[in-house]
Every structure is written in C-alpha cells, then in structure tokens.
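Asker: Dumping the structure here so I can ask a few things about it.
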Amino acid sequence: MKSKFDIIIIGAGLVGLITALACAHKGASVCLLDAAKPDKADDGRASAIAASSFAMLEHLGVAPLLDGHVQPITDMLIADGAVGDVSPLTLHFDSRDAGGPTGFMIENAVLRGALLAQLEASNHVELRAPVTVTKTLREAKQAVVTLEGGAELTASLLVAADGRNSRLRQNAGIDVQRFAYDQKAIVTTFAHELPHDGVAHQIFFAGGPLALLPLTGQRCSIVWSDTARAVDAAMGLDEAAFAAELARRIGGFLGEINLTAPRQAFPLSLQMAERYTDTRLVLVGDAAHAIHAIAGQGLNMGLRDAAALGVGVAVSRSVGLDLGGAAIGDYEAWRNFDNKTLALSTDMLNRLFSNNIAPLRHARRLGLAAVNRFKPAQQFFMKEAAGETGVLPSLLR
C-alpha cells in the first residue's frame, strides 16, 4: 500500500471528508484516516449548508449525488417571542431579494454518503478506516504517522480534523479558550400536516432560540436551545408529550406534527483554539473552533476552512513550494480572524436574545422590525447567511 502522501488528514467526519476532497481537487495526494468505520447510518440530524458552501459541493462534484435530497431555504423568518406569544414584529429574508436561496438543508446521512461516494471515485484520496494512530511525529521536512501494527505514513502536511477534543491539537500544545453556556440544544426531525414552503423559522425564547429548518417533503429539522434544566426536563418527556410541547411553542402554523427521528441533546459551548497551525500541522473544523448553534454556521465554518486550505494547496503546488511551509501561514491569517469574528457575533446574539428582560425584549422586537424595513441591512444579513461576504476562496464562489 502507498505510504507517502502530500497530506494526511486524521478524522473522517463531514469536515474531514470535504477537506480531503478539496485538497485532492487542487491536485494533492491525500490519505484520510479514522478510528471508526465510515458510518452512513441515519441519526436524524441535518445541516444548513450556506449558499457559498453548496457552491463548493458543486465544484467538488458532490452536488449531483444529492439530487432529490436537498431542500432550498427560500425564506427566513426571525421573531422574538414567548411560549404562545410570538411577536408579529418579524424580520423576513426573501431569497428572491438575494437572487437565490441563502442556504440548503441536507440530512447528514445523505451528505456523508455522497461525500464517501465521491471520495471512493477519486484517484487522489485514500481512505483508511478503521485504523488506530499510535504516534505522530512532525519533523522539519515531513510529518510521520505510525499506525497500529507498525506501518508508517509520511506527508508534507498533517491536518487535524479530529473534533473538539483533538489529540493532535493537544499534542501540539495549542491552547483553547472555552466558555460553557448554561444551555443545551435538542435536535430531532418531525413530520407536519401543512407545507413549510421552504421557509426557515428562528424564534427567540427567553431560554434560547428554536430553529425550524425545512427538509424535503413535509418535514422539518429542529434545533431547540434552552437552559440546561429546561432541556433535561423536555428530554424526560415521552414522545407524545414532547411533540405537544413543541407544537405549543411553534404555534400550530404547521398543523399536526409527529416526531420521525430520535431526540438528541447536546451541551452548548464556545471554544476557539488560540492558533490553527504548528509545525507541519493545520487544524480544521471543531478541532479549531466550536460555536453556539444560534446561527447554524458551525459546519459552514469548517467547510470554509477546507476551501481556504485548498487555496494554500493550489498556490503551493503552482510554484513548487512545500505544502507544510508557506501555505500554513496564509491559512492561519485567513481563517483565524474570520472564525473568531463569527464566534463573537453568535455569542453576542445569544446574550442579546436569550433573556426575558422586558425593556430589552421590546427593543429587540422594534429592532427586528426596523431591519425588516431597511433593505440595505436586509441585503447585508442575507449575504452573511449565505456566506458570501469577505474574500472567498475559489471553491466557495
């Protein structure tokens, strides 16, 4: 088996898979390692893919494999509310004003299956899973990865896509700033009686936001954030009682609802690595950053990491530079600032909306209504949601 590559990526989650395809698309030979066998099982979760991120799926040849499984987000409605009392002063983003959908909903199992299929068809990527990495060594001229059994793989660059508890990041001595919110998020999918018309809803309650995200057919994915105590209580309800509470919060505009996937709850936190690089090492995805679920941008941040790394690969290869050299510094400068800016924005939004202070609640509602009437502000926020602001890597255009 081949033992020398341009890039070795450890972690074959969604970001790891896309990073492998992005680097291979730019001509690099890639080895992707994971401790678990690739899993295409449907756990009921789905992701909001920004328009720019979906452009990358098109560039990488993944989009055609998703035909029939992608739900465009045609409109977004944002409201401040209390249970049974959602304010009529809403912020409405119409995709027709943006020239197309700001995002797309795709079930994670479908997306993972398409990425794996495209990876298997690639001549530049080799997936090895399950394997156990016993040692990594980053030397002046190469990175060396030792697998259980003694096999050694070498590469110019090592990419950590091994999650928020990244061993590669820890071994490199990269510090992490963490803040744990007193909130958890419930994720599940439900079917509903009335059509959603491609509209995504975000309702801000005192404990946290409830996002209703349209899927294909008459189904929605939810991300329901609330205080840890409230989420624990909701998870303790039987399915019928949980569906009734969810319907009460939604307000009935989707008609009768019933759950179609298991409920899962996750603690919410903000986590940012102080730097994204070390000798012959780059962090991507949750290994570098994890943010609040309020804006649905967590996966998109990882996809932008992959696209930016792809630029570094292309530039380095075009002029014959070492992939573990100059490309690392460019990646650090590009992604660290962008990710920290977005993390700060989501943190401020959560603090602004996740409370029940009456004067502030009134000001929030007036603010949403004001932005709704001011088209330039609407256009700006729609471009932000679509991931189309700032300098974009070629794969995101």
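The values are calculated or read from the model by the stated rules, or taken from the named source; none is laboratory data. Not measured: the values here are computed from a predicted model. Positions of Cβ are generated from backbone atoms using ideal geometry, with glycine treated the same way; all protein chains shown enter the neighbour counts. Areas reflect the complete protein model, heavy atoms only, side chains present, ligands, DNA and RNA absent. Shrake-Rupley method; radii C 1.70, N 1.55, O 1.52, S 1.80 Å.
Asker: Any idea what % of Cα-Cα pairs in the chain are farther than 30 Å? Numbers along the way, then the final one.
Answerer: On the way: 32101 of 78606 pairs.
So the portion of pairs separated by more than 30 Å is 41 percent.
Asker: So what's segment 1-59 giving for Cα Rg divided by 2.2 N^0.38 Å, two decimals? Can you show the working numbers first?
Answerer: Working: Rg = 13.3 Å, N = 59, 2.2 N^0.38 = 10.4 Å.
Taking N as the residue count of segment 1-59, the ratio is 1.29.
Asker: Report the semi-axes of the equivalent ellipsoid for segment 127-197 in whole Å, largest first, where each axis is √(5λ) for an eigenvalue λ of the Cα gyration tensor. All intermediate terms of the calculation are to be shown ahead of the outcome.
Answerer: On the way: eigenvalues 292, 76, 27 Å².
So the three semi-axes of segment 127-197 are 38, 20, 12 Å.
Asker: If you don't mind, there's one more thing I want to ask. Among the listed pairs 4/26; 184/340; 141/340, which have their C-alpha atoms separated by more than 26 angstrom in this model?
Answerer: Working: 4/26 18 Å; 184/340 22 Å; 141/340 31 Å.
141/340, as the Cα separations exceed 26 Å there.
Asker: Another one. How big is the equivalent ellipsoid of segment 175-242 along its three axes, where each semi-axis is √(5λ) from the Cα gyration tensor, reported in whole Å from largest to smallest?
Answerer: On the way: eigenvalues 126, 53, 21 Å².
One finds semi-axes of 25, 16, 10 Å for segment 175-242.
Asker: Over all alpha-carbon pairs of segment 228-292, lay out the pair-distance distribution in 10 Å bins, whole %, shortest bin first.
Answerer: 16, 31, 22, 18, 11, 2
Asker: Quick check: at a probe of 1.4 Å, how many percent of the accessible area of the chain sits on carbon and sulfur atoms?
Answerer: On the way: 9310 of 16930 Å².
Roughly 55 percent of what the probe reaches on the chain is carbon or sulfur.
Asker: While we're on this one: Quick check for you: with a 1.4 Å probe and neighbouring chains kept, what is the accessible area per residue of segment 148-292, in Å²?
Answerer: Details: 5820 Å² over 145 residues.
Heavy-atom SASA per residue in segment 148-292 reads 40 Å².
Asker: Can you tell me which of 354, 221, 52 moves the most in a GNM of the chain? Springs connect C-alpha atoms under 10 Å apart.
Answerer: Per the Cα network of the chain with a 10 Å cutoff, 354 tops the list.
Asker: Would you kindly give the portion of the calculated P(r) for segment 259-326 that falls above 17 Å, as a percent of all Cα pairs? Kindly include the intermediate steps, with their values, before the conclusion.
Answerer: Details: 1268 of 2278 pairs.
Everything past 17 Å amounts to 56 percent.
Asker: Further, regarding this structure: Find the relative contact order for the chain and round it to a whole percent, using C-alpha pairs within less than 8 Å whose residues are 6+ positions apart. Mind dumping the intermediate values first?
Answerer: On the way: 828 pairs, mean separation 93.9, N = 397.
Relative CO of the chain lands at 24 percent.
Asker: Another question, then. I want the local charge near residue 141. Using Cβ-Cβ distances under 14 Å, sum +1 for each Lys or Arg and -1 for each Asp or Glu among the other residues. Show your work: numbers first, answer last.
Answerer: Working: positive: 4, 138, 280; negative: 6, 139, 322.
Local net charge: 0.
Asker: Then there is this: Suppose we keep just the DSSP beta bridges with both residues in the chain; what percent of those would be antiparallel, to 5?
Answerer: Details: 59 of 82 bridges.
Percent antiparallel among DSSP bridges in the chain is about 70.
Asker: What are the semi-axes of the equivalent ellipsoid for segment 215-363, taken as the square roots of 5 times the Cα gyration tensor eigenvalues, largest first, in whole Å? Mind showing how you got there, number by number?
Answerer: On the way: eigenvalues 317, 70, 37 Å².
Equivalent ellipsoid of segment 215-363: 40, 19, 14 Å, largest first.
Asker: Ok, one more. Let me check something: with ligands and nucleic acids excluded, how do 2, 141 order by accessible area (1.4 Å probe), largest to smallest?
Answerer: 141, 2
Asker: Any chance you could run the full-extension gain for residue 275 through residue 139? It's 0.36 nm times the residue separation minus the Cα-Cα distance, nm to one decimal.
Answerer: Working: separation 136, 0.36 × 136 = 48.96 nm, distance 1.92 nm.
Length difference between fully extended and current span is 47.0 nm.
Asker: Here's a follow-up. What's the extension gain from residue 232 to residue 146 if we count 0.36 nm per residue and subtract their Cα-Cα distance?
Answerer: Working: separation 86, 0.36 × 86 = 30.96 nm, distance 4.19 nm.
The span from residue 232 to residue 146 would gain 26.8 nm if fully extended.
Asker: Calculate for the chain the 222 nm mean residue ellipticity that helices alone would give, adding -39,500 (n - 2.57) per DSSP H run of length 4 or more and normalising by residue count, nearest 500 deg cm²/dmol.
Answerer: Details: 11 runs with 142 residues, N = 397.
Theoretical 222 nm ellipticity from helices: -11500 deg cm²/dmol.
Asker: Here is a further query. Considering only protein heavy atoms, what is the solvent-accessible area of residue 26 at a probe of 1.4 Å, reported in Å² to the nearest 10?
Answerer: 50
Asker: Calculate, in whole percent, how much of the Cα-Cα pair population of segment 122-276 lies beyond 27 Å.
Answerer: Details: 5801 of 11935 pairs.
That tail contains 49 percent of the Cα-Cα pairs.
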